Amino acid sequence: MTDSSVIKQLEAAERLQSQFRYYFVALVFTLLAASIQTAKFDSSSVRTISELAGWALFAVSGFVALSYLEWEPLIREQLAHRDSFSQQVDEAKAAKLRGVSEIHVLSSGGMQSLDDRISNLEDSVRKLSDAADKRLGVAGVKYEMWRWSFVLALVAILIARGGAALVGVFGYQLL
């Protein structure tokens, strides 16, 4: 596989993952709205509690999903800056091998020794990596909360809505 075909495949994978996430968050809020609109409460406190728990879990799933989607671009931005600085480190090290000892730095408008520049860039890479790793860890927790609260909401709604069917199937009141 060529580098360009790998890049195209990665871009396609990223696009599909992004589409899935937006579909998933829309599904969460759609199911929350549908479950609220179609709710029918009866004398069973188990089914009522299960229905309300389903609503709460759908809401948690949806709001955690929105928080996840809000922070994802910032994480990607930090990773992009880190990669840019890493590339600059490699370029500076290559220039050092060619015998360059000073470099003009646009941000300061002056000259800087190549060793200092490499050190500054490596420090920036380290700080951005640490920040991105921390946010990626939090994002992983958010994604798991989003996913599992959604699954638990479905189970709770199935118990609430399927309770009457269980009574009919088994001939006695289970719930």
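Please treat every number below as a calculation from the coordinates, not as lab data. What you see is a predicted model, and the numbers here were worked out from it, not measured in a lab. A quick note on method: Cβ atoms are made from the backbone with ideal geometry, for glycine too, and the neighbour counts reach across all protein chains shown.
Couple of notes before you dig in:
- Burial ranking of peptide ranges 26-35, 2-11 (average Cβ count within 10 Å, highest at the top): 26-35, 2-11
- Evaluated over the chain, the count of Lys pairs having alpha-carbon atoms less than 26 Å apart is 4 (only pairs 8 or more residues apart or interchain).
- Spread over its residues, the convex hull of the C-alpha atoms of the stretch 1-96 is 123 Å³ per residue.
- Cα Rg, Dmax (largest Cα-Cα span) when computed across the stretch 71-158, Å: 20.4, 70
- In the chain, inverting the average of 1/r over every pair of distinct C-alpha atoms gives 20.5 Å as the Kirkwood radius.
- Between Gln17 and Asp130, the FRET efficiency from the beta-carbon distance, with R0 = 30 Å, is close to 0.75.
- Per-residue Cβ neighbour rank within 10 angstrom, fewest leading, Arg98, Arg161: Arg98, Arg161
- Pairwise label distance in nanometres, Leu97 with Ala26, each label 7 Å out on the Cα-Cβ vector: 4.9 nm
- Fewest-first ordering of Phe85, Phe20 by other beta carbons within 10 Å of each residue's beta carbon gives Phe20, Phe85.
- Considering only Ser108, Phe63, Ala156, the residue lying farthest towards the positive end of the dipole of the chain is Ala156, judged by Cα position with unit charges set on Cβ.
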